[in-house]
1. Please determine whether any residue of segment 54-66 is within 14 Å of the ligand (Cβ to nearest atom) and in contact with a strand residue (DSSP E or B) (Cβ under 7 Å, 6 or more places away or on another chain).
2. If you take the residues of segment 33-65 that are open to solvent by 80 Å² or more (accessible area, probe 1.4 Å) and more than 20 Å from SER84 (Cβ to Cβ), which of them is modelled with the highest pLDDT?
3. Looking for whichever is buried (at least 20 other Cβ atoms within 10 Å of the Cβ) and either touching a helix residue (DSSP H, G or I) at 6+ places or on another chain (Cβ under 6 Å) or of a type in the set (A, V, I, L, M) (or both) here; the options are ALA77, ALA141, ALA68, ALA81. Which one fits?
4. Do the conditions hold for ASP26, that is, is it out of contact with any strand residue (DSSP E or B) (no Cβ under 8 Å at 6 or more places or on another chain) and either in a helix (DSSP H, G or I) or surrounded by 14 or more Cβ atoms within 10 Å (Cβ to Cβ) (or both)?
5. Within segment 95-115, is even one residue within 19 Å of ILE142 (Cβ to Cβ), assigned to a loop (DSSP other than H, G, I, E, B) and either among the β-branched types (Val, Ile, Thr) or open to solvent by 50 Å² or more (accessible area, probe 1.4 Å) (or both)?
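The values are calculated or read from the model by the stated rules, or taken from the named source; none is laboratory data. What you are looking at is a predicted structure, and each value in this text was computed from that prediction instead of being measured. Neighbour counts run over all protein chains shown; Cβ positions are idealised from the backbone, glycine included. Keep in mind that these areas ignore ligands, DNA and RNA; they rest on the heavy atoms of the full protein, side chains included. Shrake-Rupley method; radii C 1.70, N 1.55, O 1.52, S 1.80 Å.
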Amino acid sequence: MSQYKNILLTIDFSEHDGFVADKARDLAKQLNAELSILHILDDIPMPDTPYGTVIPLNEDSSYPMLEAEKTQLKQLADKLAIASTDRWLIWGEPKQEIALFAEREKIDLIIVGSHGRHGLALLLGSTANGVLHHAKCDVLAIRLPD
Ligand code: AMP
């Protein structure tokens, strides 16, 4: 395995985040790599921020849904001891934004959770699949428990 230095953990605030996060933390520790955490906001309208689609984490907004997402990100990042500069909340379409972010931030390994999909769901594709197609770096898909 090449020596990964900048690992990106992607989370969707599902019940599987802890499972994927533990693996990401262990791998980053073993490789002595920096671990970043990213959630892409795709379920609320684009909040009004002076920074475009990047949501500032250290400023309060008057948008309760946004504050709830920030709190969720903070709780998991605190648990993983991820530096505040390596925590990211970005508005957009997950597959594309994850791949773009990875390129911009010189990430060398993206970690995503992956469901075993069958039938129509397989044809429609998953975030893991989409990231694999869009990303220019390696992608590690963690098989999620059924
Ligand atoms: P899905 O294929 O949508 O069930 O998502 C599988 C995995 O993709 C999750 O475990 C995350 O690693 C990643 N993912 C999905 N949606 C998002 C999102 N909005 N932001 C960041 N990562 C995501």
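1. Taking every residue of segment 54-66 in turn, at least one turns out to be within 14 Å of the ligand (Cβ to nearest atom) and in contact with a strand residue (DSSP E or B) (Cβ under 7 Å, 6 or more places away or on another chain).
2. Checking each candidate, the answer is ASP42.
3. ALA77
4. Yes.
5. Looking for residues that are within 19 Å of ILE142 (Cβ to Cβ), assigned to a loop (DSSP other than H, G, I, E, B) and either among the β-branched types (Val, Ile, Thr) or open to solvent by 50 Å² or more (accessible area, probe 1.4 Å) (or both), one finds at least one in segment 95-115, hence yes.
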